[in-house]
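Bear in mind these aren't lab numbers, they're just calculated from the coordinates by the rules spelled out. All figures in this text were calculated on a predicted structure; none of them were measured in a lab. Cβ placement follows ideal geometry from the backbone for every residue including glycine, while neighbour counts extend to all protein chains displayed.
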Amino acid sequence: MNIGTSLSGLFAAKTQFDVAANDIANANTAGYRQARTELAEGNPGVQVTGISKPGDAAGTPADPNAPSDVSLAEEMTDMIVARHTYGANAQMLRSTIELQGALFDRRV
């Protein structure tokens, strides 16, 4: 068990939650495009590689008069997943710390 793995998972889940919250806050903003958190395998755990919006790679600017493309149902689902991911990593971190503490107590 590695504390770094749990910490990277906590950071990734928080970033996903923040991106979804930002999308929800801008759901009624004309021209706003839904954002996505880009994740990749890291060492240890997971790494946030960026935050992207559809069309960014093509370099096409958003039409400021176009309606927002944010799906509230999709964003709420993303927030639920991020919350559970955060909770699972937090529990793993607590368990790792408790186990290391127990091992340390046995050695002393």
Handout entry: Karplus 3J(HN,Hα) series, Hz, for the stretch 87-97 with 6.51 cos²θ - 1.76 cosθ + 1.60 (x for Gly, Pro)
Key = x, 5, 5, 5, 5, 5, 5, 4, 5, 5, 5
Problem - For THR15, net neighbour charge (Lys/Arg +1, Asp/Glu -1) across residues whose Cβ lies under 12 Å away - result: -1
Practice task
Quickly estimate the mean residue ellipticity at 222 nm for the chain, helices only: each DSSP H run with n ≥ 4 gives -39500 (n - 2.57), and the total goes over all residues, rounded to 500.
Solution key: -19500 deg cm²/dmol
Exercise for the section: Would you pull out the residues with amide H under 5 Å of GLY42's amide H, same chain only if 5 or more places away, H placed 1.01 Å from N? Expected result: GLN47
Completion exercise
When the charge dipole of the stretch 3-107 is computed with +1 at the Cβ of Lys and Arg and -1 at the Cβ of Asp and Glu, the Cα pointing farthest to the positive end, of THR49, ALA90, THR15, is that of ALA90
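Under a Cβ-Cβ cut-off of 13 Å, what is the net charge of the residues other than GLY87 that fall near it, where Lys and Arg count +1 and Asp and Glu count -1?
Details: positive: LYS14, ARG83, ARG94; negative: none.
Neighbourhood net charge equals +3.
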